[in-house]
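In what follows, a single structure is set out as structure tokens and then discussed.
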Amino acid sequence: MNIYAQRRAQLARSLGPGGIAIIPTAPEQQRNRDSDFLFRADSYFYYLSGFTEPNAWLVVTAEGPSTLFCAPKDLEREIWDGFRLGPDAAPATLALDAAFSVADLDTQLPRLLENRSTVWFPFATHKGLETRVDGWLNKVRSRVRYGALCPDSQRDLCSLLDEMRLFKDATEQATMRRAAQISAEAHIRAMQLSARMLRNGEEVREYHLDAELLHAFRRQGSQYPAYGSIVAAGANACVLHYRADAAPVRSGELVLIDAGCELDGYASDITRTFPANGKFSGPQRTLYALVLASQEAAVAATRPGARFTDPHDATVKVLAQGMLDVGLLDKNKVGGVDDVIANRDYFAFYMHRTGHWLGMDVHDCGSYVEPSEVGSVSQRSDPLSGETITNRPSRILQPGMVLTIEPGLYVRPAPGVPEAFHNIGIRIEDDAIVTASGCELISRGVPVDPDEIEALMR
Ligand code: GLY
Ligand code: MN
Ligand code: MN
């Protein structure tokens with residue numbers, strides 16, 4: 001059975017008797033006059049259909065049958081915009097039960113909704129979708145005096161699909177391994193280009209390295225970067241959402257690259273930090289070794305049965321101790337490692353989480369709370385803001401989940417911070433599939449060991 005048909009069948013079983021699900025693909029978006037953003041299918045829609053044309057809708061019913069609405073064949077439009085599959089060919093090609101022209105959506109949907117009990121659609125993700133569903137339900141209601149039944153409940157389809165998408169099947173894992181491998185090769189090429197250009201006395205700018213990444217992604221068949229690439233030279237690495245720009249890449253500074261390709265709908269997400277000229281300085285190596293040690297602790301904590309927050313807690317423990325050891329934090333002021341963690345003093349240099357789910361979306365869907373323990377609520381007071389935070393037990397990791405492991409250190413100049421570390425920003429980010437016994441790092445096609453990085457840059 002086709003993988004998309006399998007997923008639709010699994011979804012159909014979750015809809016409950018009389019359930020029906022409506023999933024539109026993404027809208028086309030204008031960039032500026034006469035020019036659109038490159039189209040990318042909606043992740044939920046693509047997950048269930050494998051169909052990448054714009055202007056399409058999928059309807060899945062609890063009893064199994066699935067209907068596609070897609071752009072009709074139109075030879076004149078196809079001369080301008082390209083091939084359309086069309087509703088006649090769609091059922092056989094996509095293993096669907098029926099297909100109509102998208103022009104028939106408003107006449108067919110009331111018919112499909114009639115006599116169903118629950119209508120499922122993704123809440124708050126598609127502008128105007130609720131209004132369209134309202135319109136179709138109103139049409140069904142106008143027929144109740146002839147004996148038609150109108151759905152009496154609406155539910156958020158994201159809750160079902162997010163849970164399915166959280167566990168990556170073998171097909172998804174294979175695509176993600178390949179995406180991570182392409183990205184790893186791209187990182188190596190960018191590192192080597194930086195060292196080579198500086199050795200040749202050429203001026204290097206962040207966009208040179210960005211161009212190298214893009215080249216490496218596309219030449220291996222990736223459709224586009226999974227997110228805006230961060231190529232941050234020197235102090236720019238301390239700006240968490242910096243984008244590849246035109247700043248000079250200088251010998252003696254570090255470069256932080258956070259970039260990953262998207263392949264066939266799946267993201268990779270890799271960060272490496274390397275010396276622009278291929279040789280770490282003493283202080284750079286000291287902090288790099290600390291981030292790497294914290295990542296090793298997080299990797300060891302990424303295994304089935306552990307909580308999603310365990311790798312983060314393991315990272316923080318190592319980083320907090322390291323900040324005391326290297327003098328980023330003064331123990332006479334902040335106390336020991338337990339105080340640094342309890343008071344969140346480490347936040348001055350490490351202010352983000354250690355990971356997130358990874359999949360079709362770079363920050364992928366899936367609950368971070370363990371579903372079986374959702375009712376177990378506790379409260380704590382945030383040490384920095386004083387805000388009351390409601391805790392629920394963190395998700396228990398299981399085989400097939402994919403997450404990133406991405407500790408960092410970002411040292412902005414400040415009184416009391418050793419000058420040798422000023423403006424150093426380091427992050428090391430890998431992509432991990434949880435396995436039966438631990439995790440598989442699928443992004444290690446590019447090394448993290450500082451000696452290996454120096455060797456490949458020679
Ligand atoms: N590149 C986005 C992230 O690391 O989460
Ligand atoms: Mn990430
Ligand atoms: Mn990243």
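The values are calculated or read from the model by the stated rules, or taken from the named source; none is laboratory data. Everything numeric here is computed off the predicted structure, so don't read it as measured data. Neighbour counts run over all protein chains shown; Cβ positions are idealised from the backbone, glycine included. In case anyone asks, the SASA skips ligands and DNA or RNA and just uses the protein heavy atoms, side chains included. Shrake-Rupley method; radii C 1.70, N 1.55, O 1.52, S 1.80 Å.
Side notes on the structure shown:
- The residues listed here are Val291, Val255, Val249, Val239; of these, the one that is open to solvent by less than 50 Å² (accessible area, probe 1.4 Å), β-branched (Val, Ile, Thr) and within 16 Å of ligand 2 (Cβ to nearest atom) is Val291.
- Subset of the range 258-280 [away from ligand 2 (no atom under 16 Å from the Cβ) and either out of contact with any Gly (no Cβ under 8 Å at 6 or more places or on another chain) or over 30 Å from Tyr47 (Cβ atoms) (or both)]: Asp264, Gly265, Phe274, Pro275, Ala276, Asn277, Gly278, Lys279, Phe280
- The single residue among Leu161, Leu214 that is out of contact with any Cys (no Cβ under 6 Å at 6 or more places or on another chain), at pLDDT 95 or above and more than 29 Å from Tyr4 (Cα to Cα) turns out to be Leu214.
- Hey, Leu263 open to solvent by 10 Å² or more (accessible area, probe 1.4 Å) and out of contact with any strand residue (DSSP E or B) (no Cβ under 9 Å at 6 or more places or on another chain) or not: yes
- Cross-chain or 6+ apart pairs with Cβ under 7 Å, the range 392-415 first and without any contact (Cβ under 8 Å) to a residue 24 or more places away in the chain and among the charged types (D, E, K, R), then within 16 Å of ligand 2 (Cβ to nearest atom) and not in a loop (DSSP other than H, G, I, E, B): none
- Filter result for Asp97 (farther than 28 Å from Ala148 by Cβ and either of a type in the set (D, E, K, R) or open to solvent by less than 80 Å² (accessible area, probe 1.4 Å) (or both)): no
- Residue in the range 270-281 that is within 30 Å of Leu48 (Cα to Cα), in contact with a Ser or Thr (Cβ under 6 Å, 6 or more places away or on another chain) and either within 14 Å of ligand 3 (Cβ to nearest atom) or open to solvent by 10 Å² or more (accessible area, probe 1.4 Å) (or both) present: yes
- Count of the range 329-367 residues which are more than 16 Å from ligand 1 (Cβ to nearest atom), under 18 Å from Val417 (Cα atoms) and surrounded by fewer than 16 Cβ atoms within 10 Å (Cβ to Cβ): 7
- Being more than 16 Å from ligand 2 (Cβ to nearest atom) and more than 27 Å from the chain's Cα centre (by Cα) holds for only one residue in Gly400, Gly416, Gly438, Gly445, and it is Gly416.
- Of all residues in the range 265-309, those satisfying the criterion of being of a type in the set (A, V, I, L, M) and under 21 Å from Ser367 (Cβ atoms) are Ala267, Ala298, Ala301, Ala306.
- Selection within the range 232-288 - polar (S, T, N, Q), within 12 Å of ligand 1 (Cβ to nearest atom) and not in a strand (DSSP E or B): Ser268
- Within the range 211-235, being open to solvent by less than 40 Å² (accessible area, probe 1.4 Å) and within 16 Å of ligand 3 (Cβ to nearest atom) holds for Leu213, Phe217, Ser222, Ala226, Gly228, Ser229, Ile230, Val231, Ala232.
- Criterion applied to Val326, Val362 was being out of contact with any strand residue (DSSP E or B) (no Cβ under 9 Å at 6 or more places or on another chain), in contact (Cβ under 8 Å) with a residue 60 or more places away in the chain and among the β-branched types (Val, Ile, Thr), and the one residue passing it is Val326.
- Residues being within 16 Å of ligand 1 (Cβ to nearest atom) and not in a helix (DSSP H, G or I) - total across the range 303-317: 1
- When residues of the range 20-40 are limited to those that are assigned to a strand (DSSP E or B) and either among the charged types (D, E, K, R) or on the phi > 0 side of the Ramachandran plot (or both), the one surrounded by the fewest Cβ atoms within 10 Å (Cβ to Cβ): Arg31
- All positions within the range 368-397 that are within 22 Å of the chain's Cα centre (by Cα) and open to solvent by 50 Å² or more (accessible area, probe 1.4 Å): Tyr368, Pro371
- All positions within the range 59-94 that are of a type in the set (D, E, K, R) and surrounded by fewer than 16 Cβ atoms within 10 Å (Cβ to Cβ): Glu63, Lys73, Asp74, Glu76, Arg77, Glu78, Asp81, Asp88
- Hey, Ser251 closer than 27 Å to Cys365 by Cα and polar (S, T, N, Q) or not: no
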